[in-house]
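Student: Quick one: this structure, given as structure tokens, is what I'll be asking you about.
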Amino acid sequence: QVQLVESGGGLVQSGGSLRLSCAASGISINAMGWFRQAPGKQRTLVAGIATTGTTNYADSVKGRFTLSRDMAKNTVYLQMNSLKPEDTAVYYCAAIRAGRYDFWGQGTQVTVSS
């Protein structure tokens, strides 16, 4: 059974930092992504990592967010710096299987106050 468990969300002031973690079980973290969904908006991809280790980022977070992974811990991270109020959302990690994001975590709330 595949499980993805996010942690690390919280309330932070504008300009602050948070690090999200996603601990995976039942699946290897070869290809993963971080998504976010703000109230009334669609869920969108924030950052992704391929099996090769190549990462990609949404334009809105480039230079501020960094996705990394620890294969030994089967955990992926999202380091978020210089946070802005518009980064406020529920953040989800997701794992790719057969070319699509097939498994999702429960989400963790990130709130950035101005």
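The values are calculated or read from the model by the stated rules, or taken from the named source; none is laboratory data. Remember, it's a predicted structure, so these values are computed and weren't measured experimentally. Note that we place each Cβ from the backbone using ideal geometry, even for glycine, and neighbour counts take in every protein chain shown. Keep in mind that these areas ignore ligands, DNA and RNA; they rest on the heavy atoms of the full protein, side chains included. Shrake-Rupley method; radii C 1.70, N 1.55, O 1.52, S 1.80 Å.
Student: Mind putting a number on the dipole of the chain about its Cα centre? Charges go on the C-beta only, +1 for Lys and Arg and -1 for Asp and Glu, and I need it in Debye to the nearest 20.
Tutor: Using only the charged Cβ atoms, the result is roughly 80 debye.
Student: Measure off, as a whole percent, the carbon and sulfur share of the 1.4 Å-probe accessible area of the chain, all protein chains present.
Tutor: C and S atoms contribute 47 percent here.
Student: Normalised by the residues of the range 1-48, what does the relative contact order come to in percent, with Cα pairs under 8 Å and at least six apart?
Tutor: 31
Student: Could you order Arg97, Arg43 so the one with the most accessible surface comes first? Probe is 1.4 Å.
Tutor: Arg97, Arg43
Student: So how compact is the chain: Cα radius of gyration and Dmax in angstrom?
Tutor: According to the Cα coordinates of the chain, Rg and Dmax are 13.1, 41 Å.
Student: Residues with amide H under 5 Å of Ser82's amide H, sequence separation 5 or more or different chain, H placed in the peptide plane at 1.01 Å from N; which?
Tutor: So Ser82 has HN proximity to no qualifying residue.
Student: Go through Thr44, Thr51 and list them by solvent-accessible area, largest first, probe radius 1.4 Å.
Tutor: Reading off the accessible areas and sorting them downward yields Thr51, Thr44.
Student: Using DSSP, restrict attention to beta bridges with both residues in the chain and report what percent are antiparallel, rounded to the nearest 5.
Tutor: Antiparallel bridges: around 90 percent, rounded to the nearest 5.
Student: In Å², and per residue, what accessible area does the chain have when probed at 1.4 Å with the other protein chains present?
Tutor: Accessible surface, normalised per residue, equals 52 Å².
Student: Largest first and in whole Å, give the semi-axes of the range 1-54's equivalent ellipsoid, each being the square root of 5 times a Cα gyration tensor eigenvalue.
Tutor: 23, 14, 13
Student: Order Val2, Val110 by their accessible area, 1.4 angstrom probe, all chains in place, largest first.
Tutor: Val2, Val110
Student: What is the chain's relative contact order, in percent, from Cα pairs under 8 angstrom and six or more apart in sequence?
Tutor: Computed over the chain, the figure is 36 percent.
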